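Single-structure report; data block below.
The values are calculated or read from the model by the stated rules, or taken from the named source; none is laboratory data. Worth saying up front: this structure is predicted, and the values here are computed from it rather than measured. Positions of Cβ are backbone-derived with ideal geometry, glycine not excepted, and every protein chain shown enters the neighbour counts.
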Amino acid sequence: MTLLLAFDPENPPVSPPPLATRPMLWSLARQVFADHDVPEDDGRPPVPRCATCGRVWPCPPRMLAEHGLLAACAPLRPAGSGVGGPTGSGD
């Protein structure tokens, strides 16, 4: 199965793509995506580490940012669909 995205996952645009349904989520996720990147090769060990938090890359914030970019482009559920209200109970 091929997944068609509204953006390049290796280099997502700073501005939300036209199909983004949650532009605020896009903006926040895009900022974390940019902040948690691998630094240029500077003679560090072969295990890549995040330039911001120093954790093995891709670090948890980077992975969450990638999920956030995808979620920002996901279709919105219709109001009253009974799925995941404010408490997540479906009521």
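Scanning the stretch 16-29 for residues that are modelled with pLDDT of 95 or more and either of a type in the set (A, V, I, L, M) or farther than 9 Å from ALA72 by Cβ (or both) turns up MET24, LEU25, LEU28, ALA29.
Can you confirm whether VAL47 is modelled with pLDDT under 85 and of a type in the set (A, V, I, L, M, F, W, C)? Quick ask: steps written out before the conclusion?
Numbers: modelled with pLDDT under 85: yes; of a type in the set (A, V, I, L, M, F, W, C): yes.
Spelling it out, VAL47 is indeed modelled with pLDDT under 85 and of a type in the set (A, V, I, L, M, F, W, C).
For residues in the stretch 54-91 being more than 29 Å from PRO18 (Cα to Cα) and surrounded by fewer than 14 Cβ atoms within 10 Å (Cβ to Cβ), which is modelled with the lowest pLDDT?
ASP91
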